[in-house]
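The values are calculated or read from the model by the stated rules, or taken from the named source; none is laboratory data. Small disclaimer: the values here were computed from a predicted structure and weren't measured. Because the Cβ atoms are built from the backbone with ideal geometry, glycine has one as well, and the counts that use them run over all protein chains shown.
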Amino acid sequence: MYPPKKHQETNFKNIIEVFKSFPLATLISVDDQTPHITHLPLIFKNDKLIGHIDIKNPQTSLLKDNRDVTVLFYGPQCYISPSIYNTTQLPTWNFIRVHIQGKVTTIKDKKALRHSLIEMTEFLEAPQHKYKLEQDNPKMEKYLDYIQLFEIEIIDWEGKFKLSQDKKPSDLKAAREALVKNNQVEIKEFLDRVFP
């Protein structure tokens with residue numbers, strides 16, 4: 001990522017917060033100069049990213065042998081209109097993005113896969129925990145043969161938190177409020193258009 005220092009996130013604890021709050025990631029593998037891309041949730045555990053992929057996905061064959069992968073996480077984002085500022089500014093776009101470079105390893109143990117699916121469900125159900133994936137769930141048991149468990153060792157990471165950090169405190173506060181409001185309003189308006 002183009003890295004102006006004011007937008008670089010250097011605190012890994014904040015990167016972990018992106019993993020936890022926005023776990024749907026873009027997983028990229030390259031084979032013979034061809035990128036393979038899958039969108040799937042990843043959870044952060046023991047300093048690694050853990051995921052599951054359908055064995056019929058062509059990218060599955062690339063998730064072994066300590067191969068390189070790139071993972072993208074997307075935090076909130078929105079257009080920032082100069083109309084929200086107290087001072088004269090230009091239009092901009094605020095966003096949070098995290099790029100991970102890692103080495104991937106597949107895990108063949110079915111017991112570990114079952115446990116990982118239960119653990120990921122528990123994580124994603126937080127904080128209400130309205131649903132619990134039981135150890136002996138027959139549907140899960142049926143699909144264990146079609147899911148590949150993998151983990152990614154994080155080799156390098158980069159966070160870009162472009163959040164109007166270069167603005168005066170009152171403008172920074174306005175940009176933060178716009179980011180929250182726009183994400184709520186724009187999601188509703190988008191869903192009303194495409195899924196009424």
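Within region 91-109, is even one residue hydrophobic (A, V, I, L, M, F, W, C), closer than 15 Å to PRO35 by Cβ and in contact (Cβ under 8 Å) with a residue 24 or more places away in the chain?
Filtering region 91-109 down to residues hydrophobic (A, V, I, L, M, F, W, C) leaves 93, 95-96, 98, 100, 104, 107.
Checking the rest, the ones that are also closer than 15 Å to PRO35 by Cβ come to 104.
Those left that are additionally in contact (Cβ under 8 Å) with a residue 24 or more places away in the chain: 104.
Yes: one or more hits.
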When ASP171 is evaluated against the numbered criteria (1) in a helix (DSSP H, G or I); (2) within 22 Å of HIS52 (Cβ to Cβ); (3) of a type in the set (Asp, Glu), which criterion, by number, is the only one it fails? (2)
Among the residues of region 127-155, count how many are more than 24 Å from LYS64 (Cα to Cα) and either aromatic (Phe, Trp, Tyr) or touching a helix residue (DSSP H, G or I) at 6+ places or on another chain (Cβ under 9 Å) (or both). 7
Criterion (within 12 Å of PHE150 (Cα to Cα) and either surrounded by fewer than 14 Cβ atoms within 10 Å (Cβ to Cβ) or touching a helix residue (DSSP H, G or I) at 6+ places or on another chain (Cβ under 6 Å) (or both)) met by exactly one of ILE80, ILE55: ILE55
Just one of the numbered conditions (1) more than 27 Å from PHE44 (Cβ to Cβ); (2) under 18 Å from the mean Cα position of the chain (by Cα) is not true of THR121; which one? (1)
Could you list, in sequence order, the residues of region 156-173 that are within 16 Å of VAL69 (Cα to Cα) and touching a residue at least 60 places away in the same chain (Cβ under 8 Å)? TRP157, GLU158
Quick one: count up the residues across region 137-155 that are hydroxyl-bearing (Ser, Thr, Tyr) and free of Cβ contacts under 8 Å to residues at least 40 places away in the same chain. 1
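Can you confirm whether GLN165 is farther than 29 Å from THR10 by Cβ, of a type in the set (S, T, N, Q), at pLDDT below 95 and out of contact with any Phe, Trp or Tyr (no Cβ under 8 Å at 6 or more places or on another chain)?
Values: farther than 29 Å from THR10 by Cβ: no; of a type in the set (S, T, N, Q): yes; at pLDDT below 95: yes; out of contact with any Phe, Trp or Tyr (no Cβ under 8 Å at 6 or more places or on another chain): yes.
No; evaluated as a whole, the condition is false for this residue.
Just to check your reading of the model, which residue among THR60, THR87 is under 29 Å from ASN183 (Cβ atoms) and among the polar types (S, T, N, Q)?
Working: THR60 fails: under 29 Å from ASN183 (Cβ atoms).
Sole residue among the options that is under 29 Å from ASN183 (Cβ atoms) and among the polar types (S, T, N, Q): THR87.
Hey, among THR92, THR87, THR105, THR121, which residue is within 30 Å of GLN165 (Cβ to Cβ), hydroxyl-bearing (Ser, Thr, Tyr) and surrounded by 14 or more Cβ atoms within 10 Å (Cβ to Cβ)? Break it down into steps so the answer makes sense when it comes.
Values: THR87 fails: surrounded by 14 or more Cβ atoms within 10 Å (Cβ to Cβ); THR105 fails: within 30 Å of GLN165 (Cβ to Cβ); THR121 fails: within 30 Å of GLN165 (Cβ to Cβ).
None of the other options fit; the residue is THR92.
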Using the structure shown, decide if ILE28 is of a type in the set (A, V, I, L, M, F, W, C), surrounded by 12 or more Cβ atoms within 10 Å (Cβ to Cβ) and over 11 Å from VAL71 (Cα atoms). no
